[in-house]
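The values are calculated or read from the model by the stated rules, or taken from the named source; none is laboratory data. The model shown is predicted, which means the values in this text are computed figures rather than measured ones. Here the Cβ positions follow ideal geometry from the backbone for every residue, glycine too, while neighbour counts run over all protein chains shown.
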Amino acid sequence: MTITALDSWIVRRTGGISGPLRSDDLAAWQTLRLRETLARAVAGSSFYRKRMAVPDPLAIDSPADIARFPFTTADDLSADPMAFLCVGQDDIERVVTLNTSGTTGTPKRLFFTADDHALTVDFFYHGLLPMTAPGDRVLILLPGGRPGGVADLLCQAVRRRNCTPLVAGVPANISDMAAFAARSNANLIVGFPVPMLAMARSWKEQGLATASIRTVLLCSDHIAPSLPGAIADLLSVEVFSDWGMTELAYGGGVDCSCHCGYHLQEADFLFEIIDPDTGAPQPPGCSGEIVVTSLTRRGMPLIRYRTGDISHLMPGRCPCGSVLKRLGRIAGRRTGLIRLDDGVIALPDLDEALVLLPDLVDFTARFTRENGNGTLCIRPLVAGALSPGLSRRVRAALEASPGLRPLLDSGRLTLRVEATRRFGEFAGEKRVIAREEAS
């Protein structure tokens, strides 16, 4: 058994453990923290005081006992965010307002203390260890750098690693950003998956030097399965991926050098997979909705929070030797799935079909439903001149997609490829399928 960077992090956090981390050690730590969190939530949060009067929050013998408690939803957060606060407002360092369901719905507000952010920085730091060496330069292509934002917390972790952070924001002009990245002599580049692939293509097309760059970290959006390999081939680098959520102060999980799933931040959260319809727990290997419970958050602990993301816990242990649970790839969002009688349309299926097409930088998708049937409109986005036949190749790729083919064959779905347009400024938000319901 080896001691990985994240396992050693938990050994240090838990204290009193010598040698490699064991699953029993972690479960005992989580049980203690869960009791504390439930007691804090009932005492400090008016929402949880009403919601969890029964059963007794302290009657917890193992992390699995969390299943006794009801779920918390994004609608709960939107309805009365102040009811979740467990500290005074003077103790809050950052307030984040988010739209629910990607870009629609009533906004929800999230509250974080300085201690909450410090835990995220600690997790980021240990996640960076396999990707960096002291003295490296880290180019961060994420939105903004405001205090407490994801770029700021990542910068703190990078500096703690004795590396130099370079925050450049999200790329608007792909070719210019590729040239800048080459001049920066960055050793690690962090950014959104689709713009990163476009930048890697531009890097290759311009013949820019790649000697300095060793690793890429993809984050903050869905990652099509074939995309990391494409970037790795274009730049001759190792590509890491992570999964996180703003509700978790941007933490969540990160893969290791084995690239066999996201090692989860289990010192600070409990992770469950449930059936999205029934709420029943799902065993490792079975897909469902990710549910998260805070273990160490002070400002706004969340109990059995339904994230809306669909994935699965991977069975067995990672080849790296870590005992941490691993999350499989994100298959989409529960609210982002468009259901027709013959199947489901999901953005990850569109990504996997389209992102590797030559010249395609990105695309927008819009779904319209009328009389039970649907029309899916795709508009390809390109960085340079339109290549002949791109629209035809887009249509062919979608028609061959295993997820879309049954819907197209049944006549329940009509496909339309709209005029190609130039890739504009990337907004730095998660991509979604826009939808309209015809009257």
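Quick notes
- Considering residues of the stretch 319-336 that are in contact with a Gly (Cβ under 7 Å, 6 or more places away or on another chain) and not in a loop (DSSP other than H, G, I, E, B) only, the residue surrounded by the fewest Cβ atoms within 10 Å (Cβ to Cβ): Thr335
- The residues in the stretch 171-204 that are assigned to a loop (DSSP other than H, G, I, E, B) and touching a strand residue (DSSP E or B) at 6+ places or on another chain (Cβ under 9 Å) can be counted, and the count is 5.
- Among the residues of the stretch 1-45, those identified as surrounded by 19 or more Cβ atoms within 10 Å (Cβ to Cβ), in a loop (DSSP other than H, G, I, E, B) and at pLDDT below 85 are Thr4, Leu21.
- Within the stretch 349-375, residues that are assigned to a loop (DSSP other than H, G, I, E, B) reach partners that are not aromatic (Phe, Trp, Tyr) with beta carbons closer than 6 Å, at six or more positions or on different chains, in the pairs Val355/Ala224; Val355/Leu227; Leu356/Ser226; Leu356/Ala230; Leu357/Arg393; Asp359/Val382; Asp359/Ser387; Asp359/Leu390.
- Of the strands (runs of 3 or more DSSP E) lying entirely inside the stretch 205-318, those carrying at least 3 residues that are within 30 Å of Asp76 (Cβ to Cβ) are 238-244, 252-254, 262-264, 269-274, 288-294, 305-311.
- Residues of the stretch 280-306 that are surrounded by fewer than 21 Cβ atoms within 10 Å (Cβ to Cβ) and in contact with a Lys or Arg (Cβ under 9 Å, 6 or more places away or on another chain): Pro284, Thr296, Arg298.
- Breaking point among (1) at pLDDT 90 or above; (2) in a strand (DSSP E or B); (3) surrounded by fewer than 16 Cβ atoms within 10 Å (Cβ to Cβ), for Arg339: (1)
For (1) acidic (Asp, Glu); (2) more than 25 Å from Leu98 (Cα to Cα), each residue gets a yes or a no:
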| site | (1), (2) |
| --- | --- |
| Asp242 | yes, no |
| Ser257 | no, yes |
| Phe269 | no, no |
| Thr293 | no, no |
| Gly299 | no, no |
| Met314 | no, yes |
